[in-house]
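Quick one: this structure, given as structure tokens, is what I'll be asking you about.
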Amino acid sequence: MTTFTPKPDLPPPPNTVGVVGWVRANLFNSVPNIIMTFVGLYVIWLAAYWIIDWGILKADFVGDKASDCSREGACWVFIQAWFDRFIYGFFPDEEIWRVNVVFVLAGILLAALIIEAVPHKGKIALFSLIGFPIIAFFLLHGGWFGLETVETEKWGGLMLTLVLAVVGIVASFPIGIAFALGRRSNMPIIRSISIVYIEFWRGVPLITVLFMASVMLPLFMTEGTDLNKLIRAMIGITLFQGAYMAEVVRGGLQAIPKGQYEAADALGLSYWQKMGLIILPQALKLMIPGIVNTFIALFKDTSLVLIIGLFDLLSIVQSALTNPDWPGFATEGYLFAGFVFWTFCFGMSRYSQRLEAKLNTSHR
Amino acid sequence: MTEQNANTEAARKVMIEMRNVNKWYGQFHVLKDINLTVYKGERIVICGPSGSGKSTTIRCINRLEEHQAGDIIVDGTELTNDLKNIEQIRREVGMVFQHFNLFPHLTVLQNCTLAPIWVRKMPQKEAEEIAMKYLERVKIPQQAHKYPGQLSGGQQQRVAIARSLCMNPQVMLFDEPTSALDPEMIKEVLDVMIELAEEGMTMICVTHEMGFAKTVADRVIFMDQGQIVEENNPHEFFDNPQNERTKLFLSQILDH
């Protein structure tokens, strides 16, 4: 009788793994692919050359007026000179520290939520959602403890963009969950209300919503009640994005197998326990790409408030471009605005990928 | 054994009573006048061809399916549209599914403690002790901190049984618990079920495991086209089936 001994594992051939293996398998594995590789490299070289040559080598970095620039390359002096306006809008110079405090506080909270080693995540999240907005509002708006009031008309730039985006994101999420659950409810009235809400807001363009909020709404309101323009924009954006969020959440809910609902029912969990403990935690995990997609869209859509006279980052860059002292800096201005938007959106995207990997318990 | 059962039946407590239960899926009449009385401590196996309504029958007992006519009374509580009654009955009735239906985002231990903590309002520590006790009984305490996705099918089904037992149910319903398992894992699940039966748990099992039916069942019920066709003790049921449909079914399932 022979005994069975499994053969030991051998290492794979050296040219199929590592950098060399990857290059061989992906870049030089056939004649068309080799040609494509060289064409690709050439295009990358052209682009990189222009960016380095125009953006760094021939660019001007020092100065404080337009004539300090040679105009052969980029004129980053333009960005420097307008930097405070781009970030803080028309916030009074002596009060800018208040915005900075809010930025730093937000940064600390965000870092505490993202870095895994930090304990008490639940408490930090609760503070970020309830305590922080109140502190931020009183710091930015002022009017208490001797802080000078800064009317929202003076808010602008990146600060306004972030305020709109954060309020929109935080407020539209629960609205989305509520209407998604409503649309799947067994109760006909709740279901009908949810469907009407979602289909109405998805059917109108955001620009219309903002116009309605800023022009039409005051006509319907009684004399003397003056709801702040910024708040009206926030409400419009939130309700609008809430409808999109609801459909993303509904998609996630539908992807959860029926067996999960049945198992929760069979154990005697109530509807809210079933949703809160079993269905939503699983569904939200599936929804992360869709949710972040909506958040990114919302972040970029905030620049539409330009049309109702709010000056977000993009509109303030545009107004700087029309300044007679600074003619012809559109490339630098739009590149800067684009870069800032891209940084935030890319950050959200990366964080969502990390979150997905962290929450994935199914195939470990 | 049957005579003994018959003698003591009158004195025994009725666990589940189904009277003239009817159910339709649209035009399709799935359950036709189902009458079934289950006494405390009884082990019942329901078998029959696919689509005969056997799963639907037991799913009506804890209201995963709604019956449209007739009465279902579980441990003295009548199953109506009243949410209180439904939740009361679900607390007392454990269920094990064909596809386990464990919660993949929770560990094995969390799967077991969730319902005791939230439904029975048990302190976490006590719930965990009880969960570990039942995980030991189904012989997988060492897997308590893993996620369901890391376990084999047989292990997952044993966790599902432990999860139901943690609610300390009066009745256990098994809906084809071994049908989705690889052959070498069926035995480990059946062993747990046999042990449970020996401890006196009231059980209703929908299963095709005829060996299990012969060993543990007090009564075997054969269903076809939404009706209970035959009902007998396992000895009589397998050796001396009365109905043509039963004979045909048994010949198909046993002769290979």
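Sort B:Asp175, A:Asp9 so that the residue with the fewest other Cβ atoms within 10 Å of its own Cβ comes first and the one with the most comes last.
A:Asp9, B:Asp175
Enter the per residue convex hull volume of chain B, computed from alpha-carbon coordinates, in Å³ rounded to the nearest integer.
Hull volume over Cα atoms, normalised by residue count, gives 136 Å³.
If you don't mind, another one. Can you give the three extents of the C-alpha atoms in the range B:166-256 along their principal axes, from longest to shortest, in whole Å?
42, 29, 24
Loop-only check: which trypsin sites (Lys or Arg not before Pro) in the range A:1-89 are DSSP coil with at most 14 other Cβ within 10 angstrom?
For trypsin sites (Lys or Arg not before Pro) across the range A:1-89 that sit outside H, G, I, E and B with at most 14 neighbouring Cβ atoms in 10 Å, the list reads A:Lys58, A:Lys65, A:Arg71.
Moving on to the next point. Would you list the P(r) distribution for the range A:87-155, with all Cα-Cα distances sorted into 10 Å bins from 0 and each bin expressed as a whole %?
Distribution as computed: 20, 44, 25, 11, 0 percent.
For the protein assembly as shown, take the convex hull of the Cα atoms, compute a quarter of its surface area, and give me that in nm², please.
Across all orientations, the protein assembly as shown yields a mean hull projection of 44.2 nm².
Of the candidates A:Lys229, A:Lys274, A:Lys123, which one comes out as most mobile in a Gaussian network treatment of chain A with C-alpha springs shorter than 10 Å?
A:Lys123
Where does chain B land at 222 nm, in deg cm²/dmol rounded to the nearest 500, when only DSSP H runs of n ≥ 4 count, each adding -39500 (n - 2.57), divided by all residues? It would help to have the intermediate numbers written out before the result.
Values: 10 runs with 104 residues, N = 256.
It lands at -12000 deg cm²/dmol.
May I ask you to sort B:Thr80, A:Thr161 by Cβ crowding, counting other Cβ atoms within 10 Å and putting the fewest first?
Final ranking by Cβ density, sparse to dense: B:Thr80, A:Thr161.
Beyond 30 Å between alpha-carbons counts as too far, so tell me which of A:Lys258/B:Lys214; B:Lys133/B:Lys187; B:Lys40/B:Lys214; A:Lys358/B:Lys54; B:Lys13/B:Lys146 fall in that bin.
Details: A:Lys258/B:Lys214 33 Å; B:Lys133/B:Lys187 21 Å; B:Lys40/B:Lys214 20 Å; A:Lys358/B:Lys54 41 Å; B:Lys13/B:Lys146 40 Å.
Flagged as over cut-off: A:Lys258/B:Lys214; A:Lys358/B:Lys54; B:Lys13/B:Lys146.
Here is a follow-up. Can you give the Rg to Rh ratio of the range B:44-101, both from alpha-carbon atoms, with Rh computed by the Kirkwood formula?
Details: Rg = 12.1 Å, Rh = 12.5 Å.
That ratio is 0.97, to two decimals.
Same structure again: Looking at chain A, identify the longest residue range that excludes and avoids all GluC sites (Glu not before Pro) in DSSP loops having at most 11 other Cβ atoms within 10 Å.
A:224-364
Something else about it: How large is ³J(HN,Hα), in whole Hz, for each residue of the range A:100-117 in order, when computed from phi with the Karplus curve 6.51 cos²θ - 1.76 cosθ + 1.60 and θ = phi - 60°, using x for Gly and Pro?
4, 4, 4, 4, 5, 4, 4, x, 4, 4, 4, 4, 4, 7, 7, 6, 5, 5
Next up: Starting from the amide H of B:Glu230, placed 1.01 Å from N in the peptide plane, find each other amide H under 5 Å away whose residue is 5 or more places distant or on another chain.
Excluding prolines and chain starts, which carry no amide H, the hits are B:Phe222.
Check which residues have an amide H placed less than 5 Å from B:Met203's amide H, if you skip close sequence neighbours.
Those qualifying (amide H under 5 Å, at least 5 residues apart or on another chain) are B:Glu42, B:Arg43, B:Ile44, B:Met172.
Show me, for the range B:30-47, the HN-Hα J-couplings you get by feeding each phi into the Karplus relation (A = 6.51, B = -1.76, C = 1.60, θ = phi - 60°), rounded to Hz, glycine and proline as x.
So the J values, rounded to whole Hz, are 7, 10, 10, 6, 7, 10, 8, 10, 10, 8, 4, x, 7, 10, 10, 10, 10, 10.
Starting from the Kirkwood radius over alpha-carbon pairs of chain A, derive D by Stokes-Einstein at 37 °C in a medium of 0.692 mPa s and give it in µm² s⁻¹.
132 µm²/s
For a Förster distance of 41 Å, can you work out the FRET efficiency between the beta-carbons of B:Ile194 and A:Met187, rounded to the nearest 0.05?
0.40
A follow-up question, please. Please identify the cysteines of chain A that lack any partner cysteine with a Cβ under 4.7 Å from their own Cβ.
Isolated Cys, chain A: A:Cys345.
For the range A:277-348, what ratio Rg/Rh do Cα atoms give with a Kirkwood hydrodynamic radius?
Details: Rg = 17.2 Å, Rh = 14.4 Å.
A ratio of 1.20.
Among A:Gly21, A:Gly168, A:Gly290, which one shows the highest mean-square fluctuation when chain A is modelled as a Gaussian network with alpha-carbon springs under 10 Å?
A:Gly21
How big is D, in µm² s⁻¹, for the range A:48-140 by Stokes-Einstein at 10 °C and 1.306 mPa s if Rh is the Kirkwood radius over C-alpha pairs?
96 µm²/s
I've got another one for you. List residues of the range A:93-113, by number, whose backbone nitrogen lies under 20 Å from a label position 7 Å along Cα→C-beta of A:Leu147.
Taking a point 7 Å out along Cα→Cβ of A:Leu147, the residues of the range A:93-113 whose backbone N falls under 20 Å are A:93-110.
Provide the descending list of Cα extents for the range A:156-364 along its principal axes, expressed in whole angstroms.
Principal axes ranked by extent give 72, 50, 24 Å for the Cα atoms.
Just to check I understand the Karplus step: with θ = phi - 60° and J = 6.51 cos²θ - 1.76 cosθ + 1.60, what whole-Hz values come out for the range A:62-77, glycine and proline as x?
10, x, 9, 9, 4, 6, 6, 9, 6, 6, 7, x, 5, 10, 6, 4
To continue, here is another question. Scan around A:Gly156 for amide H atoms under 5 Å from its own, H built in the peptide plane at 1.01 Å from N, and keep only partners 5 or more places away or cross-chain.
A:Gly89, A:Phe90, A:Phe91
Moving on to the next point. I want to check the label-to-label distance for A:Val43 and B:Ser152. Put each point 7 Å from Cα in the C-beta direction and report it in nm to one decimal.
Taking the simple label geometry, A:Val43 and B:Ser152 are separated by 5.2 nm.
Additional query: If we count other beta carbons within 10 Å of each Cβ, what is the order of B:Met132, B:Met15, fewest first?
With the fewest neighbours first, B:Met132, B:Met15 line up as B:Met132, B:Met15.
Values quoted throughout were computed directly from the atomic coordinates according to the rules given, and no laboratory measurement underlies them. Predicted model only: the values in this text are computed from it and were never measured. Every residue, glycine as well, gets a Cβ built from its backbone with ideal geometry; the counts of neighbours run over all protein chains shown.
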